Amino acid sequence: MKALIAGVNIALTASLAAWTMAADDINAVLQNSFVAKNQATMDRLERDAVQTACSAPRGMLLDNDMLASLRAERLAAVVLPADGEYLGDWQRGAEVAGNGRGLQSSDDPAQPNGGNCYACHQLAPDKVAYGTLGPSLTGYGARGQSEAMLQYTWTKLWDTHAYNLCSHMPRFGAQGILTEQQLKDVMAYLLDPASPVNQAAE
Amino acid sequence: MKKPNLEVALLAAWLCAATLAADDGVFDQYRDLMGDENPAVFVIDEGEEFWLTAQGPNAVTLESCDLGLGPGVTAGAYVRFPRHFADTNAVMDLESRLVYCMTTIQGRDLESVTAKPYSLRGDFGTEIEALVTWLAAESEGATIAPEQAHATERAMYALGKDIFFYRAGPHDFSCATCHEQSDKRIRLQALPDLTSHTGAAGSWGSWPAYRISQGLVRTMGWRLRDCFRQQRWPELQMGSEASIALQTYMAVNAAGGTMTAPGLKR
């Protein structure tokens with residue numbers, strides 16, 4: 001980790017060396033370029049270890065040992081449901097999957113956050129407004145409900161970096177975007193055989 | 001802004017209804033129907049009027065403003081931005097250069113000039129939006145060729161690239177989350193790959209654009225600000241280093257492409 005940060009700092013310093021007008025580093029530039037607005041506060045610009053490691057431009061070589069240890073760290077930090085129940089209500093899960101609001105400066109903090117799964121994933125086959133940044137999850141329930149499958153799916157939702165470091169997907173549990181109950185509801189939306197996600201297209 | 005004609009209003013109303021269930025095809029249809037009738041034409045005229053109107057304590061027009069090609073030269077100026085200016089010893093985007101001219105030439109107050117650069121929904125467009133739209137039209141058909149001769153301009157590109165990949169906020173989003181892959185979309189909206197020449201040229205060359213869904217012309221500065229809102233970041237400031245750096249990154253990636261703005265977008 002330290003090696004990477006040092007490397008990034010050296011690269012950044014070199015890139016700015018000739019730029020007399022620039023602030024010392026990227027953090028100072030960002031602090032000077034953004035202002036807090038409603039719930040979008042300035043501390044959001046500070047990066048944790050995952051964000052720092054995953055900010056490397058495409059093609060930049062990273063230290064594999066560092067990446068492996070970071071991934072293991074994320075896996076160890078995953079919090080499974082307290083009561084051991086993974087599956088909530090798929091109908092409420094459908095609402096979470098379709099709701100794109102939450103944590104934007106323009107959003108009402110009193111309202112529940114959405115998961116906005118449809119922004120990136122295809123889910124129920126009759127819903128056409130889905131994005132393609134992530135893989136299609138239509139028919140996800142065919143994977144079954146073994147303990148391993150439940151834990152795997154929960155972990156992907158809680159902190160995608162536990163399995164796929166630097167995935168584009170948000171850490172819905174680890175970052176507190178969704179509540180435990182919302183995560184259970186999304187789990188049911190994915191895995192319940194009665195969920196539209198697991199129905200054939202009409 | 002002057003009143004758009006009835007046809008435009010009807011089309012917009014039809015479009016609002018149609019888009020609920022439709023894909024990008026309906027916007028293509030709208031563009032076909034409109035032909036050259038981009039509602040931005042009204043904003044272009046308005047921008048030129050602002051340029052030629054004496055304002056501020058000095059009661060002068062912006063006609064002596066140097067956009068990089070010499071005082072008063074507007075044709076082809078847009079496509080050279082962002083660029084370094086000797087008089088400020090800074091890399092500036094068009095929006096911040098206009099602000100500079102308003103304050104230094106016209107003597108206007110910096111705070112009031114920058115208080116509200118971008119209109120809200122339901123507003124009329126702002127002076128900055130109109131000026132940028134007109135100046136983009138003054139470069140229509142020109143080749144995108146941002147200055148990179150000065151060291152500060154190249155450093156601005158490097159900084160922009162770093163910010164483009166900078167992941168932060170509760171959702172860990174960077175610009176790259178949505179804009180480093182080809183042929184992807186969010187919901188039904190196609191996402192340009194801004195790390196590629198093709199994606200960057202298509203995007204940089206088509207802003208400012210008339211946003212059909214908002215009934216307003218939006219500038220690239222606004223586009224960036226709204227991206228960061230969706231990234232769950234704080235608010236990007238017009239003319240800030242981060243904004244100019246990201247615009248430099250996009251413009252240089254777009255270099256060699258053609259300026260087609262003002263565009264017509266969803």
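The values are calculated or read from the model by the stated rules, or taken from the named source; none is laboratory data. In this text the structure is predicted, and so the values were computed from the model without any measurement. Cβ: placed from backbone, ideal geometry, glycine included. Neighbour counts: every protein chain shown.
Determine, yes or no, whether B:MET238 is more than 9 Å from chain A (Cβ to nearest Cβ), at pLDDT 95 or above and crowded, with 24+ Cβ neighbours inside 10 Å.
no
So in the stretch B:163-176, with the set limited to residues that are in contact (Cβ under 8 Å) with a residue 40 or more places away in the chain and part of a helix (DSSP H, G or I), which one is farthest from B:SER240 (Cα to Cα)?
B:CYS175
With (1) closer than 30 Å to A:THR41 by Cα; (2) of a type in the set (Gly, Ala, Ser); (3) more than 14 Å from chain B (Cβ to nearest Cβ); (4) surrounded by fewer than 22 Cβ atoms within 10 Å (Cβ to Cβ) as the list, and A:SER167 as the residue in question, which single condition is left unmet?
(3)
Restricting to the stretch B:179-192, what's the tally of residues that are more than 7 Å from chain A (Cβ to nearest Cβ) and under 16 Å from A:CYS120 (Cβ atoms)? Steps first, answer last, please.
First pass over the stretch B:179-192, keeping only residues more than 7 Å from chain A (Cβ to nearest Cβ): B:179, B:181-183, B:189-192.
Still in the list and also under 16 Å from A:CYS120 (Cβ atoms): B:179, B:181-183, B:189-191.
Count: 7.
Could you identify the single residue in B:ILE212, B:ILE163, B:ILE128, B:ILE144 that is within 26 Å of A:VAL29 (Cα to Cα) and more than 14 Å from chain A (Cβ to nearest Cβ)?
B:ILE128
Scan the stretch B:66-84 and report the pairs whose first residue is part of a loop (DSSP other than H, G, I, E, B) and whose second residue is of a type in the set (Val, Ile, Thr), with Cβ atoms within less than 6 Å and a gap of 6+ or a chain change.
B:PRO82/B:VAL91; B:PRO82/B:ILE244; B:PRO82/B:THR248
Find the helices (runs of 4 or more DSSP H) located wholly in the stretch A:88-202 whose residues include 2 or more that are within 14 Å of the chain's Cα centre (by Cα) and under 30 Å from A:LEU61 (Cβ atoms), and list them.
In the stretch A:88-202, A:147-158 are the helices (runs of 4 or more DSSP H) which contain 2 or more residues that are within 14 Å of the chain's Cα centre (by Cα) and under 30 Å from A:LEU61 (Cβ atoms).
Just checking, which of B:ALA149, B:ALA190 is assigned to a loop (DSSP other than H, G, I, E, B), touching a strand residue (DSSP E or B) at 6+ places or on another chain (Cβ under 9 Å) and more than 29 Å from A:ASP43 (Cα to Cα)?
Criteria check complete, one pass: B:ALA149.
If I filter the stretch B:218-229 for residues that are within 14 Å of chain A (Cβ to nearest Cβ), without any contact (Cβ under 8 Å) to a residue 40 or more places away in the chain and outside any helix (DSSP H, G or I), do I get at least one hit?
The answer is no; no qualifying residue exists.
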